Amino acid sequence: MGAAAGPAGITAAAALALAWIAGSALQLQQPALWPAAAYGGLAASAVVALALAAWVRRRHGGVALALAAVAFIALAFATTGARALHRAAQALPPALEGQDLLLQGRIDSLPRLGLVGTRFVFQVESATLDGQAVTVPARVWLGWWRGVDDDALLGGPAADLRAGQRWQLPVRLQQPHGAINPHGFDLELWLWEQNLRASGSVRSRPGAWAQRLADGGSPLQRVQALRQRLRDAIFLHVPDPAAAGVLAALAVGDQAAIVREDWDVFRATGVAHLVAISGLHVTMFAWLAAAVVGRLWRCSPRLMRAWPAPAAARWGGLALAAAYALLAGWAVPAQRTVLMIATVVALRSLGTRWPAPLVLLAAALAVVVMDPWALMQPGFWLSFIAVALLFGSEPVRPAVPTAAGGWPRLRASLRSGLRTQAVATVGLAPLTLLFFQQVSLVGFAANLVAIPLVTLAITPLALLGAFWAPLWAAGAALVQALGTLLQVLAAWPWAVWHAAAAPAWLVAAALLGAALAVMPLPPRLRWLALPLMLPLLAPPVPRPAEGQFELLAADVGQGNAVLVRTRHHLLLYDAGPRYSPEADAGGRVLLPLLRARGERRIHRLALSHGDSDHIGGAATLLAALPVEAISSSLPAGHDLLAGQRHQPCAAGQRWAWDGVQFEFLHPLPGEAPSRQANAQSCVLRVQGAQGSALLAGDIGTAQEWALVQRAGSALASELLLVPHHGSRGSSSPAFIAAVQPRWAVVQAAHRSRYGHPAPEVVARYQRQGAELVRSDRCGAFTWQPGSPPRCEREATRRYWHHPGMVEDGRAAAR
């Protein structure tokens, strides 16, 4: 037996590990990176501090430990910053954005097949511009689309794209850019962590076309080709596409193969973590592989003499788990798990008996050293805190005697499984609400069935089917049975509890309550968990005072979506675009935003007109939330209006909510429909006690002139939603002069293919003295009259985000 680490050594090791993690976490809060010299100076200072700590250690152990901890914080901060500088330097040069480039390389992921095209990671070997070599990022995220937006240049792939293939592709690239909304998914962080430093699309053009190249036959290409063959074989042998998608996700990490409806069910029942290649799968595979290797190793006396069976089992399990992670695509979560298992195996092999919490901390440190940006991922915290809670909640029970029969052992196993699931459900509920603003109330029951079924039966069958295809049919039958059960649970009216985003102090209190609930403490102390945790289910939501309103222009890309909230009511003006047949702004942006803000219903949905960039997300919202009334210029027979309480918007319609006045200014009542939907856009003015806003839809100069003639100075508003996203056919000088906006908000896509906002329109607002706010540079824009506005991209900026800018009247247009 190895020697146990002493208390002083354990304390020092834990303190230094926590210090390193804290230093990395602190660096991740930087809005912008420092120069390399600054990080180098900080690292040098940390080395000096470590030398000083070593010198004073014998006389002042406590002082030395504190000094070493500070040095570790500084050293972790400096090394993480230096690595970030190196990664940032790999970004696409701005001069190459939108240029017609010719790339050669290989497809480095399983292509994601969609209704409008294919997405894949491309490993670049060379790049040229007009025949001249240029430098682009080594890995880019490409889409090969089929005629999107009637663009003839985007014709879609002419051949089947497969992982591992080498291609020559004509592309246009841009720096990573995604929507930035409160509590929304950070696409730019995801691209940064995957080291995808550019995204773009394949574009055929005269003189350059996509060509399949000879495969190089490298080991990585062979692995990718094997993954592709396995995925294709699963879909060939399993008739049910939904079941085949789950098996492909478990066998080769193809999460995109799971249909959208199944993802909704998995999330509602809290089992989504089971159908992706996560730490649980890799860990369970390592455990099973170690058991098999150990059993086989004991069959050979020669092998036993060469290497002890327990050590061979540990290292064999690690090797096979790494192979499984590689087959599953070597995604970042799988890499972290393999590193964590390797850390535990290495510590066990040293012969030193480390306490379990210290082993867990060492594994977390290894993950952070390898990938400091893991600290920004919910999965990191959910995984390690779950294990920490299991350690801390372990009650002291007598061991089951070896000679005991099967029933006592089975009963002990069932008790342990129930306790583990209860601890995970209760202990992780606060973190789940923090990260996702929802928690599955049926997750405990669903996971009791799904965890053993997926980890011990479905996943092994998905892998063993590669050797005997009929096993895939057995796995598919189990997937279908599990899916039926999960659909029943998901259909329960209270299957999922949604809660608003909570303040930090309330989350901290709930985490403390969760720890009290699962710890082996006296009942009178455990009851304290209830008052600490329950407020997180319905946290306080800040709302405007009587007579005030808050406006949030969401970052939805090319389209309009504006939330107007009063004391007790919510109006949504337009619902953003439809991005593809599988995704729209309603599900991707607005629904998470509304739930994070504590909104459980929409009191009025105003759809300005029928263009898809204004109503694309409406169907998703109508299906997910109660909508009390719709105002629109849509024709009476429109699909969105079926079964809804609808009133055509018309000039003169007024109502008041909580002391705030709302009035439609356009179109006129009974006005003959125009051939152009833009001309019929509902124009809405909102007037509060301290300011007003004018939401102008897509009206053009003719409608603007009519409004000026009818309303004149009554159009004056502090905030203007710029008509038609800043197109050349709107924002006439007379209209701008009548509105006199202080803030002019343009909701348009990054590098808009329509050129929005037009430079001449930008110049008009600048001459008027208005601050032009662009959603592609500002992110979501929040404004409450009487308070400073907030640009989400600027307020939550981190160094991996695309540079944003809020233009004002003094800034040069760019």
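The values are calculated or read from the model by the stated rules, or taken from the named source; none is laboratory data. All figures in this text were calculated on a predicted structure; none of them were measured in a lab. Methodologically, a virtual Cβ is constructed for each residue, glycine included, from the backbone with ideal geometry; neighbour enumeration extends over all protein chains shown. Quick note on the areas: whole protein, heavy atoms, side chains included, nothing else; ligands and nucleic acids left out. Shrake-Rupley method; radii C 1.70, N 1.55, O 1.52, S 1.80 Å.
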Completion exercise
Of the listed residues (Thr402, Thr425), the one being out of contact with any Pro (no Cβ under 6 Å at 6 or more places or on another chain), modelled with pLDDT under 90, in a loop (DSSP other than H, G, I, E, B) and under 29 Å from Ala289 (Cα atoms) is Thr402
Practice task
Please indicate, with yes or no, whether at least one residue in region 484-506 is loosely packed, with under 15 Cβ neighbours inside 10 Å, modelled with pLDDT of 90 or more and among the small types (Gly, Ala, Ser).
Solution key: yes
Completion exercise
Pairing a residue in region 590-610 that is over 18 Å from Gln680 (Cβ atoms) with any residue that is among the charged types (D, E, K, R) and surrounded by fewer than 20 Cβ atoms within 10 Å (Cβ to Cβ), where Cβ atoms lie under 6 Å and the two sit 6 or more apart in sequence or on different chains, gives His603/Glu628
Exercise for the section: Please enumerate the residues belonging to region 536-554 that are out of contact with any strand residue (DSSP E or B) (no Cβ under 8 Å at 6 or more places or on another chain), open to solvent by less than 20 Å² (accessible area, probe 1.4 Å) and either outside any helix (DSSP H, G or I) or under 21 Å from Arg777 (Cβ atoms) (or both). Expected result: Pro539
Practice task
Report yes if Leu668 is free of Cβ contacts under 8 Å to residues at least 24 places away in the same chain, of a type in the set (A, V, I, L, M) and either buried (at least 23 other Cβ atoms within 10 Å of the Cβ) or within 23 Å of Arg710 (Cβ to Cβ) (or both), otherwise no.
Solution key: yes
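Given the structure, is Gln768 out of contact with any Pro (no Cβ under 8 Å at 6 or more places or on another chain) and of a type in the set (S, T, N, Q)?
Working: out of contact with any Pro (no Cβ under 8 Å at 6 or more places or on another chain): no; of a type in the set (S, T, N, Q): yes.
Taking the combined requirement at face value, the residue does not satisfy it.
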Fill in the blank from the handout: Out of (1) under 18 Å from the mean Cα position of the chain (by Cα); (2) modelled with pLDDT of 90 or more; (3) among the charged types (D, E, K, R), the one Asp254 does not meet is (2)
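Please specify each residue of region 54-107 satisfying the condition of being part of a helix (DSSP H, G or I), under 30 Å from Val202 (Cα atoms) and touching a Phe, Trp or Tyr at 6+ places or on another chain (Cβ under 8 Å).
Passing the criteria: Ala84, Leu85, Arg87, Ala88.
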Exercise for the section: Of the numbered conditions (1) open to solvent by 20 Å² or more (accessible area, probe 1.4 Å); (2) in contact with a helix residue (DSSP H, G or I) (Cβ under 8 Å, 6 or more places away or on another chain); (3) not hydrophobic (A, V, I, L, M, F, W, C), Arg222 fails exactly one; give the number of that condition. Expected result: (2)
Exercise for the section: Would you mind stating whether Leu478 is of a type outside the set (Gly, Ala, Ser) and out of contact with any helix residue (DSSP H, G or I) (no Cβ under 6 Å at 6 or more places or on another chain)? Expected result: no
Fill in the blank from the handout: Gly351 vs (1) assigned to a helix (DSSP H, G or I); (2) more than 21 Å from the chain's Cα centre (by Cα): all pass except (1)
Exercise for the section: Go through region 200-219 and give me each residue that's in contact with a Gly (Cβ under 8 Å, 6 or more places away or on another chain) and open to solvent by less than 30 Å² (accessible area, probe 1.4 Å). Expected result: Gly200, Ser201, Val202
Problem - Scope region 24-53; condition over 23 Å from Leu375 (Cβ atoms) and not in a helix (DSSP H, G or I); matching residues - result: Pro35
Problem - Qualifying residue in region 752-768 (condition: out of contact with any helix residue (DSSP H, G or I) (no Cβ under 7 Å at 6 or more places or on another chain) and over 30 Å from Arg172 (Cα atoms)) - result: yes
Fill in the blank from the handout: Exception for Leu303 within (1) part of a helix (DSSP H, G or I); (2) touching a residue at least 24 places away in the same chain (Cβ under 8 Å); (3) hydrophobic (A, V, I, L, M, F, W, C) falls at (2)
Exercise for the section: Go through the residues of region 532-544 one by one and say whether even a single one is closer than 30 Å to Gly786 by Cα and more than 26 Å from the chain's Cα centre (by Cα). Expected result: yes
Practice task
Scan (1) of a type in the set (A, V, I, L, M); (2) in contact (Cβ under 8 Å) with a residue 60 or more places away in the chain; (3) open to solvent by 30 Å² or more (accessible area, probe 1.4 Å); (4) under 23 Å from Val387 (Cα atoms) for the single condition Ala291 breaks and write down its number.
Solution key: (2)
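Would a scan of region 681-700 turn up a residue that is within 15 Å of Ser608 (Cβ to Cβ), among the polar types (S, T, N, Q) and open to solvent by 40 Å² or more (accessible area, probe 1.4 Å)? Before the answer, list the steps.
Applying the first criterion (within 15 Å of Ser608 (Cβ to Cβ)) to region 681-700 yields 681-686, 693-700.
After this cut, where a residue has to be among the polar types (S, T, N, Q) as well, the list is 681.
Still in the list and also open to solvent by 40 Å² or more (accessible area, probe 1.4 Å): none.
No, region 681-700 contains no residue that is within 15 Å of Ser608 (Cβ to Cβ), among the polar types (S, T, N, Q) and open to solvent by 40 Å² or more (accessible area, probe 1.4 Å).
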Exercise for the section: Give the number of residues within region 12-31 that are under 17 Å from His801 (Cα atoms) and of a type outside the set (A, V, I, L, M). Expected result: 4
Exercise for the section: Output the residues belonging to region 623-650 that are open to solvent by 20 Å² or more (accessible area, probe 1.4 Å), over 22 Å from Ala499 (Cβ atoms) and without any contact (Cβ under 8 Å) to a residue 24 or more places away in the chain. Expected result: Ala636, Gly637, Asp639, Ala642, Gly643, Gln644, Arg645, His646, Gln647, Pro648
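Going through region 483-514 one residue at a time, which ones are over 30 Å from Leu247 (Cβ atoms), touching a residue at least 24 places away in the same chain (Cβ under 8 Å) and small (Gly, Ala, Ser)? If you could, list the steps in order and put the result at the bottom.
Narrowing region 483-514 to residues over 30 Å from Leu247 (Cβ atoms): 493-494, 497-514.
Restricting the remaining residues to those that are touching a residue at least 24 places away in the same chain (Cβ under 8 Å) gives 494, 497-503, 506-507, 509-511, 513-514.
Within region 483-514, Ala499, Ala500, Ala501, Ala502, Ala509, Ala510, Gly513, Ala514 meet the criteria.
How many residues does region 102-146 hold that are small (Gly, Ala, Ser), open to solvent by 40 Å² or more (accessible area, probe 1.4 Å) and more than 24 Å from Val223 (Cα to Cα)? Quick ask: steps written out before the conclusion?
Of all residues in region 102-146, those small (Gly, Ala, Ser) come to 105, 109, 114, 117, 126-127, 131, 133, 138, 143.
Restricting the remaining residues to those that are open to solvent by 40 Å² or more (accessible area, probe 1.4 Å) gives 126, 131, 133, 138.
Cutting the leftovers down to more than 24 Å from Val223 (Cα to Cα) gives us 131, 133.
Of the residues in region 102-146, 2 are small (Gly, Ala, Ser), open to solvent by 40 Å² or more (accessible area, probe 1.4 Å) and more than 24 Å from Val223 (Cα to Cα).
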Fill in the blank from the handout: Those residues of region 720-777 which are open to solvent by 10 Å² or more (accessible area, probe 1.4 Å), aliphatic (A, V, I, L, M) and under 17 Å from Ala179 (Cα atoms) amount to Ala749
Handout entry: Selection count where residues are open to solvent by 40 Å² or more (accessible area, probe 1.4 Å), under 22 Å from the mean Cα position of the chain (by Cα) and of a type in the set (A, V, I, L, M), scope region 320-343
Key = 1
